[in-house]
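Asker: The following block contains the structure, expressed as structure tokens.
The values are calculated or read from the model by the stated rules, or taken from the named source; none is laboratory data. Remember, predicted model here, so these are calculated numbers, not experimental data. Cβ sites come from the backbone with ideal geometry, for glycine too, and all protein chains shown count toward neighbours.
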Amino acid sequence: MGSPGEFEQVVLLALAGIGRDTTGREVYEAIVDTTGRDASVASVHITLNRLHEKGWATGRSVEPPPGAGGKPRRRYALSPDGAAVLAEVRATLDRLWARAEGHPLLETDE
Amino acid sequence: MSSPPFSRRVLAALLPAEIRTETLADLDRLWQERAKRKGVASANRWYRGQLLGAFAPSVRAHVRRLRPTIRRGGLDSVRRDMGHAVRQLRRHPGVSAVVVVTLGLGIGTATAVFSAVNGLLLKPLPYGESDKLVMITSRETGSSLDLHVSGPDVLEMEAEIDELVAFAGFAEATVGPLTRVDRPQHVVTVPVTWDLFDVLDVEMTLGRRFLPEEGGPVPEGAGPRPGAAVVSHDFWVRSLGADPDAVGRVTAYVRDGLARMRLLTFLVQGFAALALGLSAVGLLSYSVRLRRRELGLRMALGAGGGGVVVRVLLEGLRLTAAGLALGAVGATLLGQVLRSHLFGVRSADPVTLGATAAVVLTVSMAAALLPALRAARVDPALTLRSE
């Protein structure tokens with residue numbers, strides 16, 4: 001299945017955070033809101049399309065509501081496979097964090 | 001009020017087809033919101049940032065599309081495409097001939113001219129401290145014609161211009177018969193002042209430089225002076241059999257180099273490269289347009305955009321290769337003509353030819369990319385209907 005790249009993880013987590021079918025634009029806004037940094041709209045769309053091709057996200061075309069006009073929009077959601085790779089990445093990171101625990105530079109005042 | 005049109009057009013060309021419409025629509029809406037909130041200038045800046053940000057992922061997406069096409073067919077597919085390209089060239093002999101001849105002419109001329117220019121102007125002059133050399137010409141007020149300086153003027157300037165350390169003069173080259181060699185022939189001779197080689201700081205391979213008593217005004221009542229000559233290396237090899245015992249025979253080239261000429265030459269070369277690139281874009285676009293129907297048919301039959309891009313690129317490569325071959329021949333021939341007129345110019349400078357070939361290949365591949373991407377966006381239904 002391979003492992004997701006950094007931006008793929010960001011987009012997958014944004015999809016998970018939104019938790020329902022969503023558009024590229026909503027994913028972009030979620031990323032900007034959470035990270036506090038601007039992202040590339042094109043990158044988000046390209047990544048969503050790729051995640052869909054890899055089976056990590058579901059994608060379907062949705063006709064605009066009657067009367068609204070416009071072209072059909074693609075809506076994406078996290079797929080079971082996408083959730084699985086996210087869990088795998090998290091497990092790997094957790095294991096690495098567990099080993100790093102106790103390093104004096106990593107201690108936080110709580 | 002709408003997003004900056006130029007950036008939008010670049011983005012439209014750049015984005016992969018499957019996400020183009022939606023991305024552009026999102027960017028338009030986000031631009032409008034930003035323009036309302038922070039002003040048009042800020043929104044435009046943001047849009048340009050988005051354009052820059054789209055560049056790398058779009059290129060990666062295009063490459064990802066192409067990869068399976070190349071991998072699937074491997075060499076077979078390339079060979080098949082090459083065969084197809086040859087058939088296409090045969091089917092449109094007129095266009096192919098125009099493309100090949102144009103590229104050939106462009107490459108041949110560029111190579112030959114660059115060889116000459118490189119030998120004459122761009123390479124530093126083969127003199128010590130050549131950057132401090134100046135050539136003085138005279139010009140009448142209001143005229144743009146450079147004229148020679150008379151002998152007395154030179155002597156006067158030598159006395160008056162302190163900024164110049166040393167002066168030497170040479171007169172116009174003349175062609176005359178030379179008979180005291182094995183084979184009578186015409187040679188180019190240049191009368192010079194005795195100190196020319198001192199000023200140019202030219203080392204003699206054999207013999208010596210001129211002596212003061214071999215130049216300058218002839219004293220009143222003195223008899224004729226024995227002449228002295230310095231011959232070129234070419235002449236020594238060609239006419240004197242490279243005889244090491246031939247005393248008083250030297251290596252020297254006389255060229256004049258001026259910074260202004262170099263700049264001009266660079267500009268001319270730049271324009272030549274630009275013209276070559278533009279003609280390549282035009283020609284390849286034309287050949288793609290001729291084949292719109294065929295490309296549309298292929299795509300209607302399920303060929304991916306990536307396959308079409310590879311095909312068009314390969315065809316461009318073929319035409320360029322044919323043009324290069326023709327250009328190499330042209331450059332060699334033209335170089336020989338130039339060689340007979342100019343000192344120190346090799347008929348076909350391999351380095352220049354190689355460099356030109358590399359530049360032309362790069363330029364034409366870049367030029368082919370544009371029509372190739374456009375071809376990949378051909379709407380099969382439209383092209384088939386329009387025919």
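Asker: The conditions are (1) within 26 Å of residue B:63 (Cβ to Cβ); (2) at pLDDT 90 or above, and residue A:32 fails exactly one of them. Which is it?
Answerer: Looking at each condition in turn, residue A:32 falls short on (1).
Asker: Quickly run through the stretch B:289-310 and pick out the residues that are closer than 19 Å to residue B:14 by Cα and in a helix (DSSP H, G or I). Step through it out loud before you land on a result.
Answerer: As a first pass, look at the stretch B:289-310 and keep what is closer than 19 Å to residue B:14 by Cα: B:304-310.
Listed by number, the residues that qualify are B:305, B:306, B:307, B:308, B:309, B:310.
Asker: Every residue in the stretch B:1-23 that is assigned to a helix (DSSP H, G or I) and either within 10 Å of chain A (Cβ to nearest Cβ) or of a type in the set (Phe, Trp, Tyr) (or both), please. Spell out how you get there, then give the answer.
Answerer: Just the residues of the stretch B:1-23 that are assigned to a helix (DSSP H, G or I), to begin with: B:5-14, B:17-23.
Once the filter is applied, which keeps residues that are assigned to a helix (DSSP H, G or I) and either within 10 Å of chain A (Cβ to nearest Cβ) or of a type in the set (Phe, Trp, Tyr) (or both), the stretch B:1-23 yields B:6, B:11, B:14, B:18, B:19, B:20, B:21, B:22, B:23.
Asker: If you scan the stretch B:127-160, which residues turn out to be aliphatic (A, V, I, L, M) and in a helix (DSSP H, G or I)? Even if it seems obvious, please write down each step before you answer.
Answerer: Residues of the stretch B:127-160 that are aliphatic (A, V, I, L, M), as a first pass: B:133-136, B:145, B:147, B:149, B:154-155, B:157, B:159.
B:154, B:155, B:157, B:159, listed by residue number.
Asker: Go through the residues of the stretch B:38-46 one by one and say whether even a single one is at pLDDT 90 or above, among the β-branched types (Val, Ile, Thr) and assigned to a helix (DSSP H, G or I). Full working, then the answer.
Answerer: As a first pass, look at the stretch B:38-46 and keep what is at pLDDT 90 or above: B:38-46.
Those left that are additionally among the β-branched types (Val, Ile, Thr): B:40.
Keeping just the survivors that are assigned to a helix (DSSP H, G or I) gives B:40.
So far as the stretch B:38-46 goes, yes, one or more of its residues are at pLDDT 90 or above, among the β-branched types (Val, Ile, Thr) and assigned to a helix (DSSP H, G or I).
Asker: Have a look at A:101, A:63, A:107 and point out the one that is surrounded by 10 or more Cβ atoms within 10 Å (Cβ to Cβ) and of a type outside the set (Phe, Trp, Tyr). So that I can check it myself, show each step before the final result.
Answerer: On the way: A:101 fails: surrounded by 10 or more Cβ atoms within 10 Å (Cβ to Cβ); A:107 fails: surrounded by 10 or more Cβ atoms within 10 Å (Cβ to Cβ).
Of A:101, A:63, A:107, the one residue that is surrounded by 10 or more Cβ atoms within 10 Å (Cβ to Cβ) and of a type outside the set (Phe, Trp, Tyr) is A:63.
Asker: Here is a follow-up. Looking only at the stretch B:36-57, decide whether some residue is within 14 Å of another protein chain (Cβ to nearest Cβ), without any contact (Cβ under 8 Å) to a residue 40 or more places away in the chain, exposed (fewer than 12 other Cβ atoms within 10 Å of the Cβ) and out of contact with any helix residue (DSSP H, G or I) (no Cβ under 7 Å at 6 or more places or on another chain).
Answerer: Within the stretch B:36-57 (the criterion being within 14 Å of another protein chain (Cβ to nearest Cβ), without any contact (Cβ under 8 Å) to a residue 40 or more places away in the chain, exposed (fewer than 12 other Cβ atoms within 10 Å of the Cβ) and out of contact with any helix residue (DSSP H, G or I) (no Cβ under 7 Å at 6 or more places or on another chain)), the answer is yes, since at least one residue qualifies.
Asker: Given the conditions (1) charged (D, E, K, R); (2) within 9 Å of chain A (Cβ to nearest Cβ); (3) within 33 Å of the chain's Cα centre (by Cα), report the number of the one that residue B:87 does not fulfil.
Answerer: (2)
Asker: Name the one entry in B:375, B:357 that is more than 19 Å from the chain's Cα centre (by Cα), modelled with pLDDT of 70 or more and within 24 Å of residue B:99 (Cβ to Cβ). Lay out the reasoning, then the answer.
Answerer: Values: B:357 fails: more than 19 Å from the chain's Cα centre (by Cα).
Sole residue among the options that is more than 19 Å from the chain's Cα centre (by Cα), modelled with pLDDT of 70 or more and within 24 Å of residue B:99 (Cβ to Cβ): B:375.
Asker: Residues that are modelled with pLDDT of 90 or more and not in a loop (DSSP other than H, G, I, E, B): does the stretch A:60-68 have at least one?
Answerer: Start the filter on the stretch A:60-68 by keeping residues that are modelled with pLDDT of 90 or more, which leaves none.
No: the stretch A:60-68 contains no residue that is modelled with pLDDT of 90 or more and not in a loop (DSSP other than H, G, I, E, B).
Asker: Looking only at the stretch B:279-291, count how many residues are surrounded by fewer than 19 Cβ atoms within 10 Å (Cβ to Cβ) and more than 14 Å from residue B:367 (Cβ to Cβ).
Answerer: So the count comes out to 2.
Asker: Let me ask something else about it. Identify, please: which residue in the stretch B:24-35 is buried (at least 18 other Cβ atoms within 10 Å of the Cβ) and touching a residue at least 24 places away in the same chain (Cβ under 8 Å) and is, among those, nearest to the other protein chains (Cβ to nearest Cβ)?
Answerer: Among those that are buried (at least 18 other Cβ atoms within 10 Å of the Cβ) and touching a residue at least 24 places away in the same chain (Cβ under 8 Å), it is B:27.
Asker: I'm trying to understand the selection: among the residues of the stretch B:58-69, which are of a type outside the set (S, T, N, Q), more than 7 Å from chain A (Cβ to nearest Cβ) and surrounded by 14 or more Cβ atoms within 10 Å (Cβ to Cβ)?
Answerer: Step one: of the stretch B:58-69, the residues of a type outside the set (S, T, N, Q) are B:59-68.
From what's left, more than 7 Å from chain A (Cβ to nearest Cβ): B:59-60, B:62-68.
Hits for the stretch B:58-69 are B:60, B:62, B:64, B:65, B:66.
Asker: Which count do you get for residues in the stretch A:31-56 that are within 13 Å of chain B (Cβ to nearest Cβ), assigned to a helix (DSSP H, G or I) and not hydrophobic (A, V, I, L, M, F, W, C)?
Answerer: Of the residues in the stretch A:31-56, 8 are within 13 Å of chain B (Cβ to nearest Cβ), assigned to a helix (DSSP H, G or I) and not hydrophobic (A, V, I, L, M, F, W, C).
Asker: Which residues, counting only those in the stretch A:1-30, are surrounded by fewer than 21 Cβ atoms within 10 Å (Cβ to Cβ) and part of a helix (DSSP H, G or I)?
Answerer: A:6, A:7, A:9, A:10, A:13, A:16, A:17, A:18, A:25, A:26, A:29, A:30
Asker: For the stretch A:1-53, enumerate the residues that are among the basic types (Lys, Arg) and over 22 Å from residue B:11 (Cα atoms).
Answerer: A:20
Asker: May I ask you to say which residue of B:24, B:11 is at pLDDT 85 or above and within 36 Å of the chain's Cα centre (by Cα)? Please lay out each step first, then the result.
Answerer: Details: B:24 fails: within 36 Å of the chain's Cα centre (by Cα).
Selected residue: B:11, the only one of B:24, B:11 that is at pLDDT 85 or above and within 36 Å of the chain's Cα centre (by Cα).
Asker: Restricting attention to the stretch A:41-87, which residues are of a type in the set (Lys, Arg) and touching a residue at least 40 places away in the same chain (Cβ under 8 Å)? Before you say what the answer is, go through the steps one by one.
Answerer: Taking the stretch A:41-87 as the starting set, the residues that turn out to be of a type in the set (Lys, Arg) are A:50, A:54, A:60, A:71, A:73-75.
Listed by number, the residues that qualify are A:50, A:54, A:73, A:74, A:75.
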